[in-house]
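Input: a single structure, listed below in structure tokens.
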Amino acid sequence: MIMWSHRDVVEARRLIAPHITETPLLWSERMSRPGAGVYIKAEALQRTGSFKVRGALNAVGRLDEKARARGVVTASTGSHGKGVAYAARALGVSAVVVLPENPVEVKRKAIEEYGARTVEYPGTSVDRIRYARALAEAEGRTFIHSFDAPGVFLGQGTVGLEIMEQLPEIDTVVVPIGGGGLIAGISIAIKEASPRTRIIGVQPAGCAAMYHSLKRGEIVAIESCRTIAEGLSSSKPEPNTFSVVQRYVDDVVLVTDEEIKAAARRLLLDERILVEASGAAATAAFLFGKFPLRNGNTVLVASGGNTDAAFVRELLAPTGPS
């Protein structure tokens with residue numbers, strides 16, 4: 001039984017509204033065709049460069065005064081950590097972010113510039129979550145899960161509220177999946193208000209824990225994640241988001257790293273939107289025909305833009321993806 005509703009997402013928006021940007025929904029002339037408009041939800045233009053700040057603000061903002069005084073800790077590949085660091089600074093809370101070994105440098109630097117302490121820890125996302133939980137207990141902090149905490153995915157769901165207000169007639173919304181927080185929140189927001197709207201999830205083929213879990217009908221962990229989309233590198237779903245995805249999401253499809261690169265290049269050169277690899281996954285699924293196209297409006301969620309110069313150079317190289 002799903003314990004969260006559209007009303008919970010509305011309440012999350014009330015809480016986080018002073019600290020976020022309503023990102024634009026951009027019509028794509030090149031990807032649209034008669035009777036089938038294609039729009040890009042440009043969360044790469046969100047504060048901190050990612051949708052992740054929405055959930056972080058909601059999770060930290062819901063803490064009582066005693067918990068705020070003790071501080072928070074989270075585990076992240078970067079963008080969620082950046083969001084938590086931003087939220088903590090905005091709300092006067094101390095934060096620690098557990099990162100993978102050798103994290104994307106621009107993400108680590110941004111987290112520290114927002115005032116959070118960073119710690120690197122090896123292994124999978126499950127290993128980092130386990131370590132962050134132990135650190136939270138040792139230091140008396142509140143652990144904030146990067147996607148499975150209700151405060152987090154309900155905050156992410158505010159993306160769905162904005163989409164419905166910006167484009168009332170929607171046939172399909174395509175959303176990248178790592179752990180599932182973004183698609184869980186969006187699907188709660190949209191499906192309860194518009195059951196006919198199709199929700200399609202997208203995972204990298206080299207890190208598809210949610211995809212395989214849905215196929216099995218139960219949560220399964222994968223041994224390793226190999227993808228350029230580090231923001232989607234989650235090796236195991238968690239119960240809350242998994243249950244929401246099972247109930248509301250119509251399909252989950254896979255894209256390759258080369259397809260992600262090609263989509264990121266198209267977004268940069270044709271749409272003038274710079275995204276990180278994770279932010280191109282939904283567009284990749286559309287461009288490479290991973291799901292049946294229908295008449296009506298399709299929204300592709302460009303979830304984040306926290307990339308580095310090396311990725312941009314690769315996209316612009318003459319031999320790069322086309």
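The values are calculated or read from the model by the stated rules, or taken from the named source; none is laboratory data. From a predicted model like this one, the values you see are computed outputs, not experimental measurements. Every residue, glycine as well, gets a Cβ built from its backbone with ideal geometry; the counts of neighbours run over all protein chains shown.
Structure summary
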item	result
Scan of region 107-131 for residues that are outside any strand (DSSP E or B), under 12 Å from GLY81 (Cα atoms), under 21 Å from the mean Cα position of the chain (by Cα) and not acidic (Asp, Glu), ordered by number	LYS107, ARG108, LYS109, ALA110, ILE111, TYR114, ALA116
Qualifying residue in region 114-136 (condition: touching a Gly at 6+ places or on another chain (Cβ under 8 Å), at pLDDT below 95, among the basic types (Lys, Arg) and crowded, with 21+ Cβ neighbours inside 10 Å)	no
Test: residue in region 76-86 that is outside the structural domain of SER194 (by TED's automatic domain parsing) and among the hydrophobic types (A, V, I, L, M, F, W, C)	yes
Of residues in region 147-183 being closer than 20 Å to GLN246 by Cβ and of a type in the set (S, T, N, Q), the one nearest to the chain's Cα centre (by Cα)	GLN156
Output for region 45-73, where each listed residue is in a helix (DSSP H, G or I) and surrounded by 24 or more Cβ atoms within 10 Å (Cβ to Cβ)	THR48, GLY49, LYS52, VAL53, ARG54, GLY55, ALA56, LEU57, ASN58, ALA59, VAL60
Filter pass, ALA85 being at pLDDT 95 or above and touching a strand residue (DSSP E or B) at 6+ places or on another chain (Cβ under 9 Å)	yes
Residues (within 19 Å of the chain's Cα centre (by Cα), polar (S, T, N, Q) and within 28 Å of VAL106 (Cβ to Cβ)) located in region 209-233	THR227, SER233
Where a residue in region 33-47 is without any contact (Cβ under 8 Å) to a residue 24 or more places away in the chain and its partner, wherever it lies, is among the acidic types (Asp, Glu), with Cβ under 9 Å and at least six apart	none
Set ALA262, ALA309, ALA284, ALA302: member being at pLDDT below 95 and either more than 27 Å from GLU22 (Cβ to Cβ) or outside the structural domain of GLU105 (by TED's automatic domain parsing) (or both)	ALA309
Criterion (closer than 30 Å to LEU287 by Cβ, at pLDDT below 95 and not acidic (Asp, Glu)) met by exactly one of GLY55, GLY35	GLY35
Test result for VAL249, of a type in the set (Val, Ile, Thr), touching a Ser or Thr at 6+ places or on another chain (Cβ under 8 Å) and surrounded by 20 or more Cβ atoms within 10 Å (Cβ to Cβ)	yes
Helices (runs of 4 or more DSSP H) contained in region 203-322 and holding at least 2 residues more than 28 Å from ALA189 (Cα to Cα)	257-270, 309-316
Residue satisfying condition, being touching a residue at least 24 places away in the same chain (Cβ under 8 Å) and buried (at least 22 other Cβ atoms within 10 Å of the Cβ), within set LEU293, LEU267	LEU267
Boolean, PHE143 is surrounded by fewer than 23 Cβ atoms within 10 Å (Cβ to Cβ), closer than 28 Å to SER224 by Cβ and aromatic (Phe, Trp, Tyr)	yes
